[in-house]
Amino acid sequence: MHMVKVLEAVPNFSEGKDLSKIQALVDTIARAGVEVLDWSADPDHHRCVVTYVGDPGAVAKASVDAARFARDHIDLRGHTGVHPRVGALDVMPFVPLHAMDMAEAVTVAHRVGQGIADLGVPVIYYRAAADPPGRGLGDLRRGGFESLAEGFPEGQEPDLPVGTQRPHESAGVTCVGAREVLLAWNVFVEGIEVRDAKSIAGSIREQNGGFPGLRALGLHLQGQNRVQISMNLEDPVVTPPIAVYEAIVREVESLGGRVLETQVIGMILDALVLPAMAGKLHLPDLEPARVLSLRLDQHVQDRQGTKTQTPDDS
């Protein structure tokens, strides 16, 4: 049987308000021959996230095309949002999903990184794509785009082009990585102040001795007038999402507030769709089209079906 290699990319762009621009970006990605599984945009974060899968070559092409679009159409010089960012195309992670290992994902990350650098946008590698592997995003984005005006602080220098001194004037820099599947999710709360949400986020994040692999921010979304704990969980198997969620509920309720709902950015992982989970987590949008494992199975079947069978395949 022909092994279908499936690579996932989950780029984050610094545009969450102009839906026609976001649609043009999604169309640009789809034209490269990948399958777009999901996209979402948030005006308060002023950020959109697109998830697509496909053959590694098609994913690489789509990613460089997306970087070109971001360079040409997103200008950070007037950009304001609650989410940390250093680039128009802020992060570009690659995730090996089927018949691929991490080393192959790193190879694609480096190829795409070179393609982005060739567009005049400096590139910093993170996670498995970094040398040595493991560099995190938090340190790379500290201070945001504005902090790079005078050049790159120590430890934030780009990998490509070698020796570059300045970010792109409007597109900043792009962080390109390779990693395992992670959970990007937000928990909305009411009845507590944003400073309380920041305090809870601080207490649960790995950096402060909280949950392994958890990054968390407490935010106030002005446009919606809502308070949110925004999180990335790097290994939902090692750290069950329900344990994090229950810790948040305990903290919020101890302050007299309550948790309203959970929002997943991108695709929903199996760890969240177990029958016991869905009800507990207050997940309003649990349709099969959002579940990564189901979409991956379908994608692999579709690609195997389109391949012309030869006697060697049977």
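Observations on the model:
- If you go through the range 35-57 and keep only what is outside any strand (DSSP E or B) and out of contact with any Ser or Thr (no Cβ under 9 Å at 6 or more places or on another chain), you end up with P43, D44, D55, G57.
- Condition check for G143: in contact with a Lys or Arg (Cβ under 8 Å, 6 or more places away or on another chain) and either surrounded by 22 or more Cβ atoms within 10 Å (Cβ to Cβ) or in a loop (DSSP other than H, G, I, E, B) (or both): no
- Scanning the range 78-123 for residues that are free of Cβ contacts under 8 Å to residues at least 60 places away in the same chain, outside any loop (DSSP other than H, G, I, E, B) and surrounded by 22 or more Cβ atoms within 10 Å (Cβ to Cβ) yields one hit, V123.
- Those residues of the range 169-190 which are crowded, with 20+ Cβ neighbours inside 10 Å and more than 27 Å from I242 (Cβ to Cβ), in sequence order: A171, G172, V173, T174, C175, V176, A178
- One residue stands out in the range 13-25 among those that are outside any loop (DSSP other than H, G, I, E, B) and crowded, with 22+ Cβ neighbours inside 10 Å: the one that is nearest to the chain's Cα centre (by Cα), namely F13.
Readers should treat all values here as calculations from the given coordinates under stated rules, not as data from a laboratory. Being a predicted model, the structure only gives us computed values, none of them experimental. Neighbour counts are summed over all protein chains in view; Cβ atoms, including those assigned to glycine, are modelled from backbone coordinates with ideal geometry.
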